[in-house]
Every structure is written in structure tokens, then in C-alpha cells.
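Structure record follows, encoded as C-alpha cells.
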Amino acid sequence: MALAIDEPLGHRHLRLATIYGNLAVIYSIRNQYDLAIQYHERAINICREVLSEHHPDLAIRYVDLGVTLIKQRKFDEALTVLHKARAIYENQDINTFPLDHPNYAKFYSTMADLYSEKSDFNQAFEFYTKALLFQSNRQ
């Protein structure tokens, strides 16, 4: 059952996007994927309106939606939203969003998970290697 959330912060507040994103993760863990997707999409829509189409916070919302779609085995849809995240990350200024940011590792790891689930182990290996590289750069 979807929650009726009172929106005292306003229907387009970033804190609300965070709450929707967190609810989406919980619904995904509970295998309630349709609800998870609804909440991911709400979070994405708020980020688009409040931030921009190129903000890294929007990219992580796309990655989170991709994770849910991978769990549903909707690989083509997952790849589509993950490519949106990739496009955002590729257009970031490394001075404001450095290459050692943990979101890069999460993105590459999620891409690897997708290819692993599709049994495309060469691609999975490539993306896990990139995830490891980005994660290693953080230490």
C-alpha cells in the first residue's frame, strides 16, 4: 500500500525527494517493485524541478532506480536510466565533483551488477574493475 505523505515542506522540496528515495529503497527490499518505482520517479521528478537535468544528485536517483529495475530483471529499462546517470557524471566539473566521489563507484558497480545479471561477464568484469578503481582512489 502506498503511503499518503503529508507534504509540509512543499511538494517540491529536496528533503521530500530524499524521503521518497528512502521509501523506494524499502519497497524494493520488500520486493514491492511497482511502489518502489513510483517513489523513485517522485524523487527524480523533484530533483529535476528543484536542481537541474545535470545535477549529480539526479544521477544518483537514476542509479537507485536502475538497481530496482535490475532486481525486476528489466535490464533494458535499467540500462536506459543508468545511461542518464552516466551522461550526468560525464559532464561534471572535476573541481566541484571530483573523480574520487563515491557516487562514481556506486554507478560502475551497479552497471556491473546489471551485466552480471545478464550473464555478460566480460562487461561485468570491466565495470567491476572501474568500480574498484574509483573506490580505491578514495582511500
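Numbers for the structure displayed
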| item | result |
| --- | --- |
| Residues that are part of a loop (DSSP other than H, G, I, E, B), open to solvent by 90 Å² or more (accessible area, probe 1.4 Å) and at pLDDT 95 or above, drawn from the stretch 1-38 | ARG30, ASN31 |
| Answer residue from the stretch 92-121, given it is within 20 Å of ARG73 (Cβ to Cβ) and of a type in the set (S, T, N, Q) and is nearest to the chain's Cα centre (by Cα) among those | THR110 |
| Candidate set: the stretch 92-107, residues that are among the polar types (S, T, N, Q) and open to solvent by less than 40 Å² (accessible area, probe 1.4 Å); chosen: the one modelled with the highest pLDDT | ASN103 |
| Selection within the stretch 67-114 - more than 16 Å from ALA131 (Cβ to Cβ) and among the basic types (Lys, Arg) | LYS71, ARG73, LYS74, LYS84 |
| Contacts under 9 angstrom Cβ, first residue in the stretch 88-102 being at positive phi and of a type outside the set (Gly, Ala, Ser), partner open to solvent by 90 Å² or more (accessible area, probe 1.4 Å) and modelled with pLDDT under 80, 6 or more apart | none |
| Scan of the stretch 78-91 for residues that are more than 11 Å from the chain's Cα centre (by Cα), open to solvent by 30 Å² or more (accessible area, probe 1.4 Å) and under 15 Å from ARG61 (Cβ atoms), ordered by number | THR80, ALA87 |
| Residues that are of a type outside the set (A, V, I, L, M, F, W, C) and surrounded by 12 or more Cβ atoms within 10 Å (Cβ to Cβ), drawn from the stretch 113-128 | ASP113, TYR115, SER116, GLU117, LYS118, ASP120, GLN123, GLU126, TYR128 |
| Members of the stretch 46-77 that are among the acidic types (Asp, Glu), open to solvent by 40 Å² or more (accessible area, probe 1.4 Å) and under 21 Å from HIS13 (Cβ atoms) | GLU49, GLU53, ASP57 |
| THR110 vs. criteria surrounded by 16 or more Cβ atoms within 10 Å (Cβ to Cβ) and of a type in the set (S, T, N, Q) | yes |
| Count - residues of the stretch 40-61 that are more than 17 Å from VAL25 (Cα to Cα) and charged (D, E, K, R) | 3 |
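The values are calculated or read from the model by the stated rules, or taken from the named source; none is laboratory data. Given the structure is predicted, the values throughout are model-derived calculations rather than measurements. With ideal geometry, Cβ positions are generated from the backbone for all residues, glycine too; neighbour counts draw on all protein chains shown. These area figures cover heavy atoms from the full protein model, side chains too; ligands, DNA and RNA do not enter into them. Shrake-Rupley method; radii C 1.70, N 1.55, O 1.52, S 1.80 Å.
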